[in-house]
Amino acid sequence: MAQEQFMEIIEVNNDRASAKIALQGAHIFHYARDGERPLLWLSETSDFEDGKAIRGGVPICWPSFGMNNPRLPQHGFARTALFEHVSTKELGDDTTEVILKLRDSKESLKLWAYKFELEMKITISDSLEMELTTTNLDDKSFEITQALHSYFNISNISNVKVKGLETKPYLNALNSEQCVQDGDIVFEEEIDRVYQEVSNGIELIDKNRTINIKNEGSSSVVVWNPWIEKAKRMSAMRDDAYKEFVCIESANAFEDFVVLEPTQIHTLKATIY
Ligand code: TA6
């Protein structure tokens, strides 16, 4: 029996694509266009149990990216929280819209003392649109950092390069140095970088496929591959799995944080096509 049977999931199949979304974390863990291999990578050894983040797909990092808020778990609490399935709508034969949402709770208020609504709207067709909308329902302002932490499926790490971040400043998370990107990104070691001042599209160029990523409501992008040693230390990941994926994360991370006044909303949107 497929592991995901132990979690409540939403399956989408239309004329252009298929997708699977876990209610836990509003976590898209499968997306494939008709006739193509999946665009998102999913670890063969991923957990599919309550309280453990699925390894792969698009984990939602919210209300904190990484350890941007040290009082919260790494990447915040949304990715292991149970979202409500609000609606699934067929917009014609080739497009399906799924909406999920999360509200503050006794548990969340203990971790992060703010009232909020977090909505994830996913539009599935020959592109994958993800819109993560935060609403401040509290009577005081709050600050968030966040990311749609997308794991992209590739033929082999030695075949890929990332275009669109050349000349952008980035924080090298491995040594906390501020650097500037010189040319395309290729992967010959662990890479864990938070790029800033990003307003253009990004291309993940593989041997026989290019994946395009366009972000709105964001000016930071994280690029990560664990390479050999870190892959061995990662949970729910085969030692050699570093060869199979690259993370390109649509973010509001570090200095690209977002402050929301009461009733204000912010949407982080990523389109993969
Ligand atoms: O986005 C890159 C990163 O912050 C890496 O440093 C690595 O920790 C990765 O996220 C995965 O984090 P996780 O908490 O899902 O194991």
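The values are calculated or read from the model by the stated rules, or taken from the named source; none is laboratory data. Note that the structure is predicted; figures quoted are calculated from it, not measured. Note: ideal-geometry Cβ built from the backbone for every residue, glycine included; neighbour counts use all protein chains shown. Heads up: the accessible areas ignore ligands, DNA and RNA and are worked out on the full protein's heavy atoms, side chains in. Shrake-Rupley method; radii C 1.70, N 1.55, O 1.52, S 1.80 Å.
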Taking the simple approach of a point 7 Å from Cα along Cα-to-Cβ for both Glu8 and Glu203, what is their distance in nm? 4.3 nm
Can you tell me how segment 113-185 classifies by the Cα gyration tensor, rounded, prolate or oblate, using a/c under 1.5 as the rounded cut? oblate
Could you tell me whether segment 154-196 comes out rounded, prolate or oblate from its Cα gyration tensor? Rule is a ≥ b ≥ c as square roots of the eigenvalues, rounded for a/c under 1.5, then prolate if a/b exceeds b/c, otherwise oblate. oblate
Using the heavy atoms of the protein chains and a 1.4 angstrom probe, tell me the accessible area per residue for segment 164-245 in square angstrom. 48 Å²
Dipole check, the chain, charges on Cβ (K,R +1; D,E -1), about Cα centroid: among Ser127, Leu109, Ile185 the Cα furthest to the positive pole belongs to Leu109
In whole percent, what relative contact order does segment 109-151 give with Cα contacts below 8 Å and a gap of six or more residues? 34 percent
Contact order normalised by length for the chain, with contacts defined as Cα pairs under 8 Å and 6 or more residues apart; what percent is it? 18 percent
Count neighbours as other Cβ atoms within 10 Å of each site's Cβ, and list the GluC sites (Glu not before Pro) in segment 46-108 that are DSSP loop with at most 12 such neighbours. Glu49
Answer in debye to the nearest 20: the dipole magnitude of segment 61-109 about its Cα centre, from +1 Lys/Arg and -1 Asp/Glu charges placed on Cβ, is 440 debye
How large is the charge dipole for the chain, taken about the Cα centre, if only the Cβ atoms of Lys, Arg (+1) and Asp, Glu (-1) carry charge, to the nearest 20 debye? 380 debye
Charge dipole (the chain, unit charges on Cβ, about Cα centre) - positive-most of Thr145, Ser235, Gln264: Ser235
Residue order for Arg16, Arg33 - accessible surface, 1.4 angstrom probe, largest first: Arg16, Arg33
Additional length obtainable on full extension of the chain from Ser105 to Asp138, 0.36 nm per residue less Cα span: 10.6 nm
Expressed as a whole percentage, what fraction of the accessible surface of the chain belongs to carbon and sulfur atoms when a 1.4 Å probe is rolled over the protein heavy atoms? 46 percent
Determine how many Å³ per residue the convex hull of the Cα atoms of segment 129-273 encloses. 119 Å³
Identify the GluC sites (Glu not before Pro) of segment 128-170 meeting these criteria: DSSP loop state and at most 13 other C-beta atoms within 10 Å of the C-beta. Glu166
Per principal axis, largest first, the Cα atoms of the chain extend in Å by 48, 44, 34
Expressed in angstrom and rounded, the centroid-to-centroid distance over alpha carbons for segment 76-127 and segment 130-171 is 17 Å
Debye calc, one equal point scatterer per Cα of segment 40-188, no solvent, log10 I(q)/I(0) at q = 0.11 1/Å comes to -0.57
Let me know the charge dipole size of segment 48-207 about its Cα centre in debye, to the nearest 20, where only the beta-carbon of Lys, Arg (+1) and Asp, Glu (-1) is charged. 600 debye
Counting only DSSP loop positions in segment 50-115, the trypsin sites (Lys or Arg not before Pro) whose Cβ has at most 12 other Cβ atoms within 10 Å are Arg71
Suppose the chain between Lys230 and Leu91 were pulled fully straight at 0.36 nm per residue; how much longer would it get relative to their current alpha carbon spacing? 45.8 nm
